[in-house]
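What follows is a short report on a single structure.
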Amino acid sequence: MPINLDPSERIKYGREITAASAYKSFLRSFIGAGDDAIIKTKLEESSAGKGKQSLLGLRAPLLGAGVESNTDFSANEDTIQYLYQAVPFQIFGNSLRSNTRALEERAIASFRAESKPALEDWAATQTDRRLIVALTKDCTNIAACDASNGVKAANATATIAAGDILTTATIDKLVQRAREGKDGAGNPHPRVRPVSVKLGKNPAGIEIYQRRWVLLIGSNQAAQLRNDPVWIAAQSEAAERGASNPIFTGEIGAYNGVTVVDWDTWSSVSAGVLTSDSSFTTIEGTTSFSSYAGATGRVTEIGLFLGATAGLMPQDDGFRYYEDHDDDLGRKTRVGIDRGIGFAKAHWLGETPAEKQSVYHNKDYGVIAVVSSKE
């Protein structure tokens with residue numbers, strides 16, 4: 001391979017890195033272009049700079065009573081309400097510099113080959129990190145686990161104590177809340193719509209779909225749930241699914257219309273479900289999750305009950321790949337990738353007084369934070 005890749009080869013490299021990083025992402029099966037996806041994508045132009053925003057919208061349902069008999073339409077005309085969210089859409093990329101002299105074609109080819117999987121892994125991990133941070137921070141609907149009742153009668157975590165762990169009773173309360181459209185304090189909140197997942201084909205070859213919610217939990221919450229006798233019984237009685245035939249990576253089973261996905265807990269080197277003592281630092285600052293701590297600062301784990309369009313991820317058509325062989329007066333090689341992308345939780349805002357009265361205004365649309373004692 002020549003020292004300088006021609007434009008078509010650089011495009012090919014970028015496409016390969018885009019595909020590989022998407023495959024390596026834990027959340028890849030959550031992402032799609034349709035309204036049924038947990039994380040909805042929108043294609044944007046590739047030329048995006050710092051400060052650009054991608055505008056996504058929600059059309060609220062028509063709520064008017066309509067007309068009957070021969071009444072004129074004008075006597076009770078309805079109005080379409082649109083709520084919007086502006087998602088920051090910025091350049092997202094990274095680069096690597098060779099440690100040794102890279103004047104020869106063979107040395108450059110070796111550095112290029114080593115850099116490619118490293119950049120793929122970085123892009124996958126950073127995508128997962130930024131998505132889970134966006135979905136978790138500042139939730140407006142919070143289920144604080146409770147040892148006696150499954151969920152506490154509050155929309156905050158300050159009373160979580162030892163023993164307040166995730167159980168099937170918690171899941172039952174989450175499903176009820178999602179159906180009724182209520183937050184932890186009983187206030188009106190957008191209903192969490194289940195996603196449509198393909199289960200396979202019936203003997204006639206017709207695709208079978210099922211409407212389900214997804215509960216994304218960390219390793220501590222997974223251990224808690226696996227010790228719940230009701231969970232154990234439900235899995236033993238379920239049709240073949242789970243590890244032998246999962247819908248989502250990490251699926252450990254299903255209960256009451258909810259597919260449960262076990263993801264590792266967040267660490268300094270990998271993405272995962274966040275805890276109240278987690279933090280995420282970028283060049284734009286640090287995001288803390290200490291507001292989810294329990295009583296007297298008890299560390300908690302923050303699972304997510306997810307439905308359709310819980311998150312938004314506008315993006316361009318993929319990574320661009322760069323090479324520079326003139327670094328350090330030609331003694332080093334630098335390679336890099338970047339693309340335009342945005343990460344946000346669906347949290348619509350109205351503009352008119354009527355739109356601001358909507359149940360969708362300034363509230364999370366498809367996510368409930370599920371917070372339990374980390375034990």
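The values are calculated or read from the model by the stated rules, or taken from the named source; none is laboratory data. For clarity, every value in this text was computed on a predicted model and none was experimentally measured. Virtual Cβ from ideal backbone geometry, glycine too; neighbours counted across all protein chains shown. Please note that ligands, DNA and RNA were not included when accessible areas were found on the heavy atoms of the full protein model with its side chains. Shrake-Rupley method; radii C 1.70, N 1.55, O 1.52, S 1.80 Å.
Going through the DSSP H helices of the chain, which span 15 Å or more along their own axis at the Cα atoms while scoring at least -0.5 as a mean Kyte-Doolittle hydropathy?
Numbers: long enough: 7-24 (26 Å, -0.91); 105-136 (46 Å, -0.28); 168-180 (18 Å, -0.67).
Qualifying helices, which must be both long enough and hydrophobic enough, are 105-136.
Determine, from the Cβ-Cβ distance of ASN76 and GLU351 and an R0 of 25 Å, the FRET efficiency 1/(1 + (r/R0)^6), rounded to the nearest 0.05. Walk me through the numbers on the way to the answer.
Values: r = 24 Å, r/R0 = 0.95.
With R0 = 25 Å, the Cβ-Cβ based efficiency is 0.55.
How big is the accessible area of THR140 in square angstrom, nearest 10, if you roll a 1.4 angstrom probe over the protein chains?
Estimated to the nearest 10 Å², THR140 gives 40 Å².
Choose one answer from ARG191, ARG320, ARG97: the residue with the largest mean-square fluctuation in a GNM of the chain with alpha-carbon springs under 10 Å.
ARG97
Per 0.36 nm of contour for each residue apart, how much would the distance between VAL359 and ALA233 grow if the chain were fully extended, relative to their Cα-Cα spacing? Before the final figure, lay out the partial values.
On the way: separation 126, 0.36 × 126 = 45.36 nm, distance 3.77 nm.
The span from VAL359 to ALA233 would gain 41.6 nm if fully extended.
When the chain is modelled as a GNM with alpha-carbon springs shorter than 10 Å, which of THR79, THR71, THR265 fluctuates the most?
THR71
Please give the length that would be gained between ILE206 and LEU43 if that part of the chain were fully extended, namely 0.36 nm times their separation in residues minus their C-alpha to C-alpha distance (nm, one decimal). Before the final figure, lay out the partial values.
On the way: separation 163, 0.36 × 163 = 58.68 nm, distance 3.05 nm.
So the chain would gain 55.6 nm between ILE206 and LEU43.
When the accessible area of the chain is split by element with a 1.4 Å probe, what percent falls to carbon and sulfur?
On the way: 9240 of 18420 Å².
Looking at the chain in its full context, I get 50 percent from C and S.
Quick one: accessible surface of HIS361, probe radius 1.4 Å, all protein chains present, in square angstrom to the nearest 10.
40
Let me spell out the model: positive unit charges on the Cβ of Lys and Arg, negative unit charges on the Cβ of Asp and Glu, origin at the Cα centre of the chain. What dipole size does that give, in debye rounded to 20? Each step should come with its number before you reach the end.
Values: 41 positive and 45 negative charges, 66 e Å.
Using only the charged Cβ atoms, the result is roughly 320 debye.
I want to verify a result. In a Gaussian network model of the chain, Cα cutoff 10 Å, which of these has the top mean-square fluctuation: GLU105, GLU351, GLU284?
GLU284
Determine one quarter of the surface area of the Cα convex hull of the stretch 107-163, which equals its mean projected area, and express it in nm² to one decimal. Display every interim value, and only then the final one.
On the way: hull surface 25.0 nm².
Average of the hull's projected areas for the stretch 107-163 equals 6.3 nm².
Which length gain, in nm to one decimal place, applies between ASP277 and SER291 when the Cα-Cα distance is subtracted from 0.36 nm times their residue separation?
Working: separation 14, 0.36 × 14 = 5.04 nm, distance 0.95 nm.
Taking 0.36 nm per residue and subtracting the Cα distance, the gain is 4.1 nm.
Suppose we look only past 17 Å in the calculated P(r) of the stretch 273-375. What percent of the Cα-Cα pairs does that tail hold? Could you put the intermediate results ahead of the total?
On the way: 3824 of 5253 pairs.
When all Cα pairs of the stretch 273-375 are counted, 73 percent exceed 17 Å.
In deg cm²/dmol and to the nearest 500, what is the mean residue ellipticity at 222 nm of the chain if only DSSP H runs of at least 4 residues count, each as -39500 (n - 2.57), divided by the residue total?
Values: 7 runs with 88 residues, N = 375.
Helices in the chain give a 222 nm mean residue ellipticity of -7500 deg cm²/dmol.
Given R₀ = 41 Å, FRET efficiency for ALA162-ASP327 by Cβ-Cβ distance, to 0.05?
Working: r = 55 Å, r/R0 = 1.33.
My answer for the efficiency is 0.15.
Solvent-accessible area per residue for the chain at a 1.4 Å probe radius, Å²?
On the way: 18420 Å² over 375 residues.
Dividing the accessible area of the chain by its residue count gives 49 Å².
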